[in-house]
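Just below is one structure, and these are the notes that go with it.
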Amino acid sequence: MTSLYTYRGYTIEVRCEHQPAEAADMAAPAPGYVAVVQVRAGHTSSIFFSPVRLADDRGQPFADSLDALSAGRTAGEIIVDDLLSSAGSH
């Protein structure tokens, strides 16, 4: 599942990926979803940096895909705010 958001002139792409359980490795995270976030300038295809993969606050996959998408959108907005803040301080 992929969602696109426009925020302050940037496009935030959030992709939700299923993280399957690893039955052979008991130390592996529980099954769930991770968010993959990419930030682009406007509607162009240029990406500012590599995609960011997000899990929950404990480092575990999100139990619900909507939680993963919501966290990804919030993270994308923070990235944009940081980019604009850095650009304004130079």
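Please treat every number below as a calculation from the coordinates, not as lab data. The structure presented is a predicted model; accordingly, all values stated were derived computationally and were not measured. As a convention, Cβ positions derive from the backbone with ideal geometry for all residues, glycine included, and neighbour counts pool all protein chains shown.
With both labels modelled 7 Å from their Cα along Cα-to-Cβ, the THR6 to ALA41 distance reads 1.8 nm. Length gained on full extension, ARG53 to LEU84, computed as 0.36 nm times the residue gap minus the Cα-Cα distance: 9.0 nm. With only Cα atoms counted, region 39-78 has Rg and Dmax values of 11.8, 34 Å.
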